[in-house]
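Notes follow once the structure below has been shown.
Taken together, the values in this text are just the output of simple stated rules run on the coordinates, not laboratory data. The model shown is predicted, which means the values in this text are computed figures rather than measured ones. Note that each Cβ is placed from the backbone with ideal geometry, even for glycine, and that neighbours are counted across all protein chains shown.
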Amino acid sequence: MADSLCFPLAAKTPNYRSSLLFRNCPLPSRLLPPKSSLQLNGSKNKLNVLALSQYSLLSLHHRVAPIRALESDVPHPLHKDSVDFKRTKSYEEWDSLTANFAGAANIPFLLLQLPQIILNARNLLAGNKTALFAVPWLGMLTGLLGNLSLLSYFAKKKEKEAAVIQTLGVVSIHVVLTQLAMAGAMPLPSFVATSVVVGAGLILNFLNYYGMLNTTIWQFWEDFITIGGLSVLPQIMWSTFVPYIPNSILPGAIAFVLALAAVTMARTGKLSEKGVKFVGSISGWTATLLFMWMPVSQMWTNFLNPDNIKGLSAFSMLLAMIGNGLMIPRAIFIRDFMWFTGSTWATLFYGYGNIVCLYFFNSISREFFFAATVGLVSWLGMVLWRDTVVYGYDSPIRTLRELVFGS
């Protein structure tokens, strides 16, 4: 969003995903200054000053078009409505603020991961490798895959702050997996394979962000994370309810076959345009759903073993609520329904939801609970109000409607 406007390289590309890789987009005719204001004033080299000044402002400050749910992974185009130059400054300020909020989310997320890394390091130095077996490496690996998928999603959209958050998640989880491998808690072949994928993913996303990556290579990477994410998601969901349901790898196996078939059909042009868009959105949505499943899994555990709620850290849940809550303004501002869904769900059901559980089990004080509640409600209210004002709408309902259904 903070980048300046680029003109389109092409109106349309035949490749089924190449359109996702170009940040350039057509300039709506209604955004161009009227032809009458571009008259020459006695010289071929002099244009009407008003027209040029408006056109310059338009090139520097542009709106974001609401994105439909299935097109959330498409780099955001320009807003279709005309620009109100009286609101350009406030729009730009909110653009900058939302980006800064998303960048600030790195702090609580880093604080969430550091205690585990430090504890693991202490146990390794003390020779207490058994303690590291309490950390589930498969769960960490699932989170790593989710971070990698979302890193690709945000890097493609040129959302720098969000991409940095996902990069931090990838690196920090890989550090934990390295510690687990050193303790023998994670099989060495699995760790080596994971390290190769992590290294390749970070390099490919870096090159793609700066436009230095071949399109074919990027498509292969997107296909890989699409198949991987869609295979893992149903398996994790199924495993949550074991032993109440039979332990089986069938959900993951079925999902793998379906994902492979979908990607193959999309690459060979056997799907409709809507089908291709759906396949293109799978990797981002599966990563989002993986993170959305975390609070469901936690609450299911709380329901089965209420005494375990005392083992939750209220401070950690508060950090999770703050970190995800800081990304909501940016998701709303650029009308990214997928990002908004994941961040809001994690804020309400993972962070705040567990705070509610802690309160009802008398594990936190009333003051802590009400402070978190008032802070969250005030923050969400302020975000919706500010976005409504910046866009010049009369009600936040229009903002939410654009967010969900697009323009």
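Please report the projected area of region 132-262's Cα convex hull averaged over all directions, in nm².
Here the figure is 8.8 nm², rounded to one decimal.
Based on alpha-carbon centroids, what's the gap between region 294-325 and region 206-264 in Å, whole number please?
The two parts, judged by their Cα centres, are 26 Å apart.
Can you pull the Rg over Rh of region 129-195, Cα-only, Kirkwood?
Rounded to two decimals, Rg over Rh is 1.06.
Scattering from the C-alpha atoms of region 364-406 alone, worked out with Debye: what is log10 I(q)/I(0) at q = 0.16, 0.17, 0.19, 0.32 1/Å?
-0.52, -0.55, -0.62, -1.03
With r as the distance between the Cβ atoms of E92 and I397 and R0 = 30 Å, compute the FRET efficiency 1/(1 + (r/R0)^6) and round to 0.05.
Plugging the Cβ-Cβ distance into 1/(1 + (r/R0)^6) gives 0.75.
At 20 °C and a viscosity of 1.002 mPa s, what translational diffusion coefficient does Stokes-Einstein give for region 203-281, taking Rh as the Kirkwood radius over Cα pairs? Give it in µm²/s as a whole number. Don't jump to the answer; show the numbers that get you there.
Values: Rh = 14.2 Å.
Result for D is 151 µm²/s.
Calculate the all-directions average of the projected area of region 313-407's alpha-carbon convex hull, and give it in nm².
Reported value for the Cα convex hull: 6.0 nm².
Between V171 and F368, what FRET efficiency follows from the Cβ-Cβ distance if R0 is 45 Å, with the result rounded to 0.05? Working shown, then result.
Details: r = 31 Å, r/R0 = 0.70.
It comes to 0.90.
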